[in-house]
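Written out below as structure tokens is the structure these notes cover.
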Amino acid sequence: MRTVFPAGERDFLMLNLNDHPYFGVDDLANLWSFYARTGRWGLCEDHVMRLEVSGDMAYVVSEGVFPAWEVRDDEGNPLPEDQILDRTAYYRSTEVYKRDDGEGRPEWKMWHFHCSTRPADDEVPAAKTEKDTAAARGLGNTPYSSGTRTDYSEYLEA
């Protein structure tokens, strides 16, 4: 995981779906270690709405569904079946990349990640109509383009 991000401890910044900021790759690694102790996940359904590259900068905007369940307590002890929590996330995210590894080498790294919840697919946006819901436009689609669904199935363990 660490190879995706710049080397410096102050370089990476994430505004996580859990509403909290994380500063640097060590913070991110600690977060994912916590999730590894407490959670179980399904295959993410991610739809890229926009991908732009300009010079040494790039960004990706997507939305999707991330199946997740809280199956253990903070110490990693299994929860009773009736206490397992469905934590499926319906999200929108933005990733910012620079062609800089944090040590001056021209390698693409993710320098920023922002993730937030998205409304229910049938929710009508303020100042818009039913034809503007995610259900009507299709996940990942915009009024001027069709989204690209990212297929992560090749990464599943056989």
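Only the coordinates and a few stated rules stand behind these numbers; no lab work does. All of these numbers come straight from a predicted model, not from anything done at the bench. In this analysis, Cβ positions are derived from the backbone assuming ideal geometry, glycine residues included, and neighbour counts consider all displayed protein chains.
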When region 99-117 is checked residue by residue, the ones that are part of a strand (DSSP E or B) and more than 10 Å from PHE5 (Cα to Cα) are ARG99, PHE113, HIS114, CYS115, SER116, THR117
So which pairs qualify, if the first residue must be in region 46-58 and under 15 Å from PRO106 (Cβ atoms), the second must be of a type in the set (Phe, Trp, Tyr) and in a strand (DSSP E or B), the Cβ gap must be under 6 Å, and the two must be at least 6 apart or on different chains?
ALA58/TYR97
Filter region 70-98 for residues that are in a strand (DSSP E or B) and of a type in the set (Asp, Glu); the one that is nearest to LEU31 (Cα to Cα) is GLU70
Out of region 17-34, which residues are without any contact (Cβ under 8 Å) to a residue 12 or more places away in the chain and either part of a strand (DSSP E or B) or among the hydroxyl-bearing types (Ser, Thr, Tyr) (or both)?
PRO21, TYR22, SER33
Single residue of GLU123, GLU95 found to be within 22 Å of PHE66 (Cα to Cα), among the acidic types (Asp, Glu) and in contact with a strand residue (DSSP E or B) (Cβ under 8 Å, 6 or more places away or on another chain):
GLU95
